[in-house]
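Contents: one structure, followed by commentary.
The values are calculated or read from the model by the stated rules, or taken from the named source; none is laboratory data. For clarity, every value in this text was computed on a predicted model and none was experimentally measured. Positions of Cβ are generated from backbone atoms using ideal geometry, with glycine treated the same way; all protein chains shown enter the neighbour counts. Remember, those area values only see protein heavy atoms, side chains included, never the ligands or the DNA or RNA. Shrake-Rupley method; radii C 1.70, N 1.55, O 1.52, S 1.80 Å.
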Amino acid sequence: MTSTTVRKLAFGIVILVLVVTSVFVTGGNAGSESAYDVPRMLGMDTGAEEELIQVKGPPTTDVKGPFVETHGKAVSMDKDLRKLPQTGPTQKRPMREMGQMPAPIGNGNMPDPAIQTDDSLGAVSAMAAAPAALTSFKGLDLQNWGGGWPPDTHGDVGPTHYIQAVNTSIGIFDKATGTRLAAFTFNNFFIAAGGSGTCATYNQGDPIVVYDQISGRWIITDFAFSSVSKPPYYECIAVSKTADPVSGGWWLYTFTADTLSLNDYPKLGVWSDGIYMSANLFKRGRTYAGTKVWALNRADMISGAALRSVSFVLGTSYFSLLPANLKGTLPPAGTPEYFMSDYGSNTSMKLWKFTTNWTTPTASTFTGPTSFAVASFTRPATNSVPQLGSTEKLDTLGDRLMSWLQYRNINGVQSLWVSRSVVAGTSDGIRWMEVRNMSTTPVVYQQGTYAPDANYRWMPSLAVDKFGNMAVGYSVSSATMYPAIRYAGRLITDPLNTLGQTETTLIAGTGAQSGGYNRWGDYASMSVDPVNDCTFWFTTEYYETTSNNWQTRIGSFQFPGCQ
């Protein structure tokens, strides 16, 4: 080796050391927009405790908007979806997670006053286990269909089909038999009609499936971007042309969600005057920039027309707003769409009202929040759920309300139902609640925390049938059992604040999550069949063997009195 070569090599080493040192020095500044998280930038999961979200400057409470936009027309896709490539993504990677929002009031540290006990049940002669499953079949899995961890399992039920979505594939099932009719990736879906661009090549996950009972159409979404730090950022929106998702055709939108900030954790809700959406914004995929809410024009969506939207951006004091999702009887004419969040308090919730004026969109309003009291709760730690057969502690995602925020109008009584994970004694349990009087001052009509034993229960999703019976599904685990899928519920006649229809197992897991992956969920989905408005359908993840190959399950059940 010549002296010149040695000098060049030495110079290169010095430059490398300076670069690495500058990265780690800058990375120590957690409040800086220029802070680096090298493992996450490389798409890696460290396996360590999840970091807190970066918030630059003092929290803000402003609401900006309305922003009135018209997005491009949809691409028409009329292929039979069974003719798409029936293959999943080849790359498996930890899905990007923006972290947990720092809790301004702490996670709480107190006994749960709403926990269900024998005394709260009283003399419940009808108390029994929730009904056994009517159907139970396998959904999509990691090995064949998944793009990484976690699966972000979501789904909804329609007249004859169940559609499930995971990171980053879609499965369509015959709901009567459980037969999978078609499965394909989001990329192959959006490229099928000759489409190009971000939604045809860079689908990144966070999928949502909605069956819109008003139009009789399916809506499937996920977000897309070519690079985490490179705007713009998109929501890929597919709207079926008929109630037949297999051969009835689709409208495919590449919807610009934001030109500066990544639209993380998007959630959708059906409402009488449109489809509503929310997402947490991260400036160039890094610094928290508030929450954005949208109203999407239903008439445009179901016809493939240029898509009109109205949106507002909320300040950084707010986080993870859930839009209400309509089931059954419509709300009275003129009722605004509701959004709810519990960020910033463990003794109250916040409610907003979104009134869209499609005739004069600039006159649309987003008002609130109105705070209302709830029984105090303690947010569970991030990676805290033990499993049999694995040292990995699973993520609860306990810093937010979970999908869905369900709206019901039963005999003129309007209510919103929602659930989340909370600390329950020495483990975690399911907090659920029913909120009424939303038009004036919201009030919790009933609430409870379900934790019948020392096992950990988390990642809930609930729904309500046409009579007001409620069912909630969730994951269950402990150091002595593998993660399982269970559900419980209440009849309209059960005592308030209780789940009188106790826990039933949809499937018992026979393996644990391993391999350095803590994230679980990030959500599940309970919905009600639009045909009879009685049958509940639930989907979430589990494991058949101790590995990193997650499985998903789809199951249905019905309370006997609902016909």
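Using Cα positions and a limit of under 14 Å, work out the aspartates and glutamates in reach of residue 327, with same-chain residues fewer than 8 apart set aside.
Cross-link targets: 156, 212, 273, 337, 465, 529, 533.
List the lysines whose alpha-carbon lies under 17 Å from that of residue 83, not counting same-chain residues fewer than 8 positions away?
Of all the lysines, none pass the test against residue 83 - Cα under 17 Å, at least 8 places apart if same chain.
Can you bin every Cα-Cα distance in region 249-372 into 5 Å intervals starting at zero and give me the percent of pairs per bin, rounded to whole numbers?
The percentages, shortest bin first, are 2, 11, 20, 22, 21, 14, 7, 3, 1, 0.
Express in nm, to one decimal, how much length is gained between residue 413 and residue 505 on full extension, taking 0.36 nm for each residue of separation and deducting their alpha carbon distance. The partial results should precede the final answer.
Values: separation 92, 0.36 × 92 = 33.12 nm, distance 3.16 nm.
Extending this stretch completely gives an extra 30.0 nm.
Mean projection of the alpha-carbon convex hull of region 360-412 over all orientations, in nm²? Don't skip to the end; give the middle numbers.
Values: hull surface 33.0 nm².
For region 360-412, the mean projected area of the Cα convex hull comes to 8.3 nm².
Counting only heavy atoms of protein chains, what accessible area per residue, in Å², does region 520-559 have with a probe of 1.4 Å? Please report the intermediate quantities before stating the final value.
Working: 720 Å² over 40 residues.
Per residue, region 520-559 has an accessible area of 18 Å².
Students often get this wrong, so check it: of 175/350; 175/283; 73/283; 79/353, which have C-alpha atoms separated by over 31 Å? Intermediate results must be reported in sequence, preceding the final value.
Details: 175/350 36 Å; 175/283 41 Å; 73/283 27 Å; 79/353 39 Å.
Over 31 Å apart, Cα to Cα: 175/350; 175/283; 79/353.
At q = 0.05, 0.12 Å⁻¹, what base-10 log of I(q)/I(0) does the Debye formula yield for the chain when every alpha carbon is treated as an equal point scatterer in vacuo?
Per q value, in the given order, log10 I(q)/I(0) is -0.19, -1.17.
Return the long-range amide H neighbours of residue 213 (sequence gap of 5 or more, or a different chain), with a cut-off of under 5 Å between placed amide H atoms.
none
Return the ratio Rg/(2.2 N^0.38 Å) for region 135-243, where Rg is computed over Cα atoms only. Walk me through the numbers on the way to the answer.
Values: Rg = 13.9 Å, N = 109, 2.2 N^0.38 = 13.1 Å.
Normalised Rg, Cα atoms only: 1.06.
Amide H to amide H under 5 Å from residue 156: which residues, 5+ apart in sequence or cross-chain, H placed 1.01 Å off N in plane?
Under 5 Å from the amide H of residue 156: 163.
Whole-Hz ³J(HN,Hα) for each residue in region 333-350, computed from phi via Karplus 6.51 cos²θ - 1.76 cosθ + 1.60 with θ = phi - 60°, x for glycine and proline: what do you get?
Karplus values, whole Hz, x for Gly and Pro: 3, x, 5, x, 6, 9, 10, 9, 8, 10, 5, x, 7, 10, 10, 8, 10, 10.
Taking 30 Å as R0, compute the FRET efficiency from the Cβ-Cβ separation of residue 480 and residue 93 and round it to 0.05. Write out the running numbers ahead of the final one.
Numbers: r = 32 Å, r/R0 = 1.06.
For R0 = 30 Å, the calculated efficiency reads 0.40.
Ordered by residue, what ³J(HN,Hα) values in Hz, to whole numbers, does region 433-445 give under the Karplus form 6.51 cos²θ - 1.76 cosθ + 1.60, where θ = phi - 60° and Gly and Pro are x?
7, 10, 10, 10, 6, 5, 5, 10, 10, x, 9, 6, 6
Per the Cauchy relation, a quarter of the hull surface: what is the mean projected area of the convex hull of the alpha carbons in region 344-490, in nm²? Display every interim value, and only then the final one.
On the way: hull surface 41.9 nm².
Convex hull of Cα atoms, orientation-averaged projection: 10.5 nm².
Run the numbers for residue 132 and residue 247: contour at 0.36 nm per residue of separation, minus the present Cα-Cα distance, in nm.
Details: separation 115, 0.36 × 115 = 41.40 nm, distance 3.29 nm.
The span from residue 132 to residue 247 would gain 38.1 nm if fully extended.
What's the carbon and sulfur percent of the chain's accessible surface, probe 1.4 angstrom, rounded to a whole number? Don't skip to the answer; put the middle values down first.
Details: 11290 of 20070 Å².
Carbon and sulfur: 56 percent of the exposed surface of the chain.
Taking amide H positions as placed in the peptide plane 1.01 Å from N, state which residues far from residue 523 in sequence (5 or more) or on other chains have amide H under 5 Å from it.
152, 153
Can you tell me the order of 74-81, 435-442, 508-515, 251-258 when each peptide is scored by its average per-residue count of other Cβ atoms within 10 angstrom, highest first? Please report the intermediate quantities before stating the final value.
Details: 74-81: 17.4, 435-442: 15.4, 508-515: 19.6, 251-258: 22.2.
Top of the packing list down: 251-258, 508-515, 74-81, 435-442.
Is the C-alpha gyration tensor of region 319-368 telling us rounded, prolate or oblate? Criteria: a/c under 1.5 is rounded; beyond that, a/b larger than b/c is prolate, otherwise oblate. Spell out each step's value before the answer.
Details: a/c = 2.89, a/b = 1.50, b/c = 1.92.
The shape class here is oblate.
State the percent of C-alpha pairs, over all pairs in region 327-415, separated by a distance greater than 14 angstrom.
Working: 2956 of 3916 pairs.
Within region 327-415, distances greater than 14 Å cover 75 percent of Cα pairs.
Can you give the net charge of the other residues whose Cβ lies under 12 Å from the Cβ of residue 247, counting K and R as +1 and D and E as -1? All intermediate terms of the calculation are to be shown ahead of the outcome.
On the way: positive: 79, 82, 83, 241; negative: 78, 80, 244.
Taking every other residue near residue 247 into account, the sum is +1.
Stretched out fully, how many nm does the piece from residue 177 to residue 118 gain, at 0.36 nm a residue minus the Cα gap?
On the way: separation 59, 0.36 × 59 = 21.24 nm, distance 3.90 nm.
Contour length minus the Cα-Cα distance gives 17.3 nm.
Residue by residue, what Karplus-based ³J(HN,Hα) values in Hz, rounded to whole numbers, does region 153-160 have, using 6.51, -1.76 and 1.60 with θ = phi - 60° and x for Gly and Pro?
Those phi angles translate into 5, 8, x, 8, 10, x, x, 10 Hz.
Going 7 Å from the Cα of residue 533 in the Cα-to-Cβ direction, what parts of region 408-447 have a backbone nitrogen less than 13 Å from that spot?
408-414
Could you state the accessible area per residue of region 275-429 in Å², with a 1.4 Å probe and every protein chain left in place? Don't skip to the answer; put the middle values down first.
On the way: 4060 Å² over 155 residues.
On a per-residue basis, 26 Å².
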